[in-house]
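> Mind having a look at this structure? Questions to follow.
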Amino acid sequence: MSGNPLVQLLDANLNSGRNRAILRFLLGRAATAIRYVFPARATACYSGLVIGFALTFIPIAKNLPARFTFMMTLAGAGLVAVSAHELDELQDDIDEAKEQKERDRQLRLFADTEAKNKVAETNLLRHGYELDKSLPPELQQLVAPADAEPVRAPAASRAAFDAAVSATQTKQQQNERGEQQSQQAVPSTTVPALPMTNTVARSAAPFPETMQHIAQRLVSMTVVGVPGAGKGMFVSNLLRLVRQHHPQLHLFVMEGKGDQKEAGYWQGVANDIRSIQGLDESPVNIVAWINGCLEDFKAITGPKLLIFDEVTYLYKVWEKTEKESFEAYIQYKIGLSSMGDSLQSFVWEIGQVSNAKDLGVSAGIRSLFKPIAIVSNHDRRAANALLGTQFVPLPEDGKKAVMQMCDLSPCGRAVYDYVNDCWQPMPQLPNLSGFDRDTRSFSQKPPAPEAESQPDIRADLERLLSVETPEPSRAVKRFGLTAEQITEVQKRLSSLQPGAISSVKRIRENSRLLREQGITQADLTELFDYLTQTQAIVWLGSDQRDFKYLGGF
Amino acid sequence: MSHRLVSKFGYYSLAGFAGSALVQLAVIWPQTWVAVAALGVLALLYFAFLIVCIQGVLQGERWAGVLNFNVLGVDAIESTAIMLLFVVGGLWTCLEIL
């Protein structure tokens, strides 16, 4: 017998039935104990470990043949390696499960706290105090003041009361303003005393005051609204207020609709109005136009505000056509949102949808711009779609409350603003475009300048071109240019608003056709000379580079 | 106490199995004794180096502080344990089967 104690321990006579029974009993007890302490996976791992050690040690201790011992040692080592690895994995899983459990606990705690805060806030707003929730419900009712529950008048009498108040206030308003009502001023009391059924709206400042605040304290923002909701009307009114507060601010409007009926929104207030009929232009032209406008905007020194209208369509076209410049703009926009205050540069985006993806950005970047949302009860389906996004929060009562506010508004609209962080009925604002989209009719005073007084340059040019024989258009030469090139210049000029300042260089660079056909600024001189003679444009300097577009196209 | 500790012990015991298997291989194939002897010398050098380092650290020698020894990607204590297990496994097998 070996002197090694381990060998002595394992030197049992396995031929003895008694010894085998003892060994079987001990192994069984050990397995039961292991299974009791550890789950099945751990049992398997520990069993593998024990067997591996046994396979390795027993042949050596029993002085079995070297070849057999060697094979058994390798097999035992392999089993130990696998078991150890599995145990490691098991511990990883256990640790991960613990971490997950802790995370879930933290989330539950956070959700509970949020829910409790919300309940407390609701109670505070509804009852004027926070109920002590540690008290039993019976005691809570006892301590609650008798008028804790809002007393609601019957619907019919309440509506009649509201109507009477509205009528009285409107009458007072008309008396006060009389005939001297200025179109520049935003009416401060055109909203009747609306019954504030929503607790959130109750604490909000009146919307005209909010507009004053927005105009005074400029930030970059996104104005979103369903089609025909009145985004243009709101922004145009806001711009008049901005002009009052910031006379030196350069207002740069980029308008992608090109609708003459809405030109009045910007005329008389914006320093620079760039317009394009987005639907009629090719994507390449649209992108060239945007890039040209943005270059001009960036070149402006001093405080400036870019109003970018119809961004939903323009961004989509831009992103699909020239992603690089679009991403560069997004970066510029992000920079303005964070540093705009110190640089005195701001961007207002006006669009129809609020999905970050449709605006070409992530939700995080979208949130950098302050939100303003307008919905109308003329298109409840579109309004519901907008309210379904996470662009702006909903009141406690949800979409229904917003639609109720629309019904209460004299113009059938509700507006969310970032200042009050709540929805409220939209007051009646002056329509500066001269075209009422609700009734599809022009107002009595068309704001757009008279077109008749302008020379009909388009007809003049077309007449000049029409005398040519039906040769290919490229062969026609007038002013040293082909008909196609002249038409292109016409198109570029027609995208400008009367009074806008541009340059020959910009006209050329914004046109892909002129650039591709190698037309230089000098080549355009004769045509622009003709345009000055016909008073379509007027040169701003003797160098004949920059001009002011007088209209006519 | 967790499964991790047992797992580590299982991994380290592989060093003992390796030492044992090397000796068994040398019994079957005598030329392997050269490798056993070489590894034995390396183990001795390792322990000598370890002792010198420990003495240097105890005496506050600056050179000892910057010395770092690493075996199989583990730190000093673990690599020492691995070497020990390797030597013990080989020695015990030698004692048993020779």
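> Hey, can you tell me all the residues within the stretch A:292-330 that are among the hydrophobic types (A, V, I, L, M, F, W, C) and either not in a helix (DSSP H, G or I) or not assigned by TED's automatic domain parsing to the domain that holds A:Trp348 (or both)?
Once the filter is applied, which keeps residues that are among the hydrophobic types (A, V, I, L, M, F, W, C) and either not in a helix (DSSP H, G or I) or not assigned by TED's automatic domain parsing to the domain that holds A:Trp348 (or both), the stretch A:292-330 yields A:Ile300, A:Leu305, A:Leu306, A:Ile307, A:Phe308.
> Here's something else I'd like to know. Being more than 9 Å from chain B (Cβ to nearest Cβ) and over 59 Å from the mean Cα position of the chain (by Cα) is the requirement here; does A:Ala66 meet it?
In short, no.
> While we're looking at this one, here's another question. Just checking, which of A:Ala31, A:Ala54, A:Ala77, A:Ala40 is under 23 Å from B:Leu25 (Cα atoms), aliphatic (A, V, I, L, M) and away from chain B (no Cβ under 12 Å)?
That would be A:Ala54, the only listed residue that is under 23 Å from B:Leu25 (Cα atoms), aliphatic (A, V, I, L, M) and away from chain B (no Cβ under 12 Å).
> If A:Gln533 satisfies every condition in (1) over 24 Å from A:Leu294 (Cβ atoms); (2) surrounded by 16 or more Cβ atoms within 10 Å (Cβ to Cβ); (3) at pLDDT 80 or above but one, which is the exception?
So the condition that A:Gln533 fails would be (2).
> Looking at A:Leu74, A:Leu107, can you tell me which residue is outside the structural domain of A:Asp397 (by TED's automatic domain parsing) and closer than 22 Å to B:Phe9 by Cα?
When all the criteria are applied, what remains is A:Leu74.
> Another question, if that's okay. Any residue in the stretch B:1-27 that is closer than 26 Å to A:Asp93 by Cα sitting within a Cβ distance under 7 Å of a residue that is of a type in the set (Ser, Thr, Tyr) and surrounded by 21 or more Cβ atoms within 10 Å (Cβ to Cβ)? List the pairs, counting only those 6 or more apart or interchain.
B:Gly10/A:Ser83
> Would you mind finding the one in B:Ser2, B:Ser79 that is at pLDDT below 85, within 14 Å of chain A (Cβ to nearest Cβ) and farther than 20 Å from A:Phe70 by Cα?
After ruling out the rest, the residue left standing is B:Ser2.
The values are calculated or read from the model by the stated rules, or taken from the named source; none is laboratory data. For clarity, every value in this text was computed on a predicted model and none was experimentally measured. With ideal geometry, Cβ positions are generated from the backbone for all residues, glycine too; neighbour counts draw on all protein chains shown.
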